[in-house]
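The values are calculated or read from the model by the stated rules, or taken from the named source; none is laboratory data. Note that the coordinates shown come from a computational prediction; the quantities given were computed from them, not determined experimentally. Positions of Cβ are generated from backbone atoms using ideal geometry, with glycine treated the same way; all protein chains shown enter the neighbour counts. All accessible areas refer to the heavy atoms of the entire protein, side chains included, with ligands and DNA or RNA removed. Shrake-Rupley method; radii C 1.70, N 1.55, O 1.52, S 1.80 Å.
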Amino acid sequence: KRTVHIALNQMRKLVNAIIETYGAPDEIVLELGRELKWNQKRKDDYKKELNENTAANDRRKKDVQALNDEYGLGVEFNGETKLRLRLYDELPPDERVCVYTGKPIGRQDLFTGEIEIDHILPFSRTLDDSFGNKVLCTRDGNRRKGVRSPASAFSGAELTEIAERAERLFKSKAWRFQPDAMEK
């Protein structure tokens, strides 16, 4: 505990010095030393993953510029833009559709207001704001679902169709579309 208090106090001093010298920053990113306990293979894997993520973000930045040039969208490259593109990239190239409605989602539609980011299981009840709890969907599909779980918002054949679509679109998130997802 004492080490944590010392580290936090040192961080406070550093942030105050930065503010005094340069003014209040827009953002502060704190990187923890979690890799101290890792073996060399884990460190190498982590570095490889970071490089892949950096390359993917560079590619997404170019995609945004191309969309802006082609469609005159004026989209800024920021956190939400990266998230939208990452969620889009997660969808299979042959089935980029809204999980709730089955309507196609085009890359150019991501920034028009017709496509929204939805918390599959309601954030207000789960406090889960992770990538694993988010999908792209149409505005209409999101309105129908509302602030409910898929199993609460849909039923019968419609819920079955949504769950089957989710299984095809993203296997790791598919369990969130099942009737018992909120209990899990």
If we scan region 90-107, do we find a residue that is more than 22 Å from residue 172 (Cα to Cα) and either open to solvent by 50 Å² or more (accessible area, probe 1.4 Å) or touching a His at 6+ places or on another chain (Cβ under 8 Å) (or both)? yes
For region 63-88, pairs from a residue that is small (Gly, Ala, Ser) to a residue that is assigned to a helix (DSSP H, G or I) and at pLDDT below 90, with Cβ under 7 Å and 6 or more apart or across chains, are none
In region 168-184, how many are closer than 11 Å to residue 121 by Cβ and touching a Ser or Thr at 6+ places or on another chain (Cβ under 9 Å)? 4
Reported set for region 146-167 where residues are within 19 Å of the chain's Cα centre (by Cα), surrounded by 15 or more Cβ atoms within 10 Å (Cβ to Cβ) and within 17 Å of residue 123 (Cβ to Cβ) is 149, 150
Taking the residues in region 47-63 that are closer than 12 Å to residue 86 by Cβ and of a type outside the set (Asp, Glu) as candidates, determine which candidate is surrounded by the most Cβ atoms within 10 Å (Cβ to Cβ). 60
Please indicate, with yes or no, whether at least one residue in region 82-101 is of a type in the set (A, V, I, L, M, F, W, C), touching a strand residue (DSSP E or B) at 6+ places or on another chain (Cβ under 6 Å) and part of a loop (DSSP other than H, G, I, E, B). yes
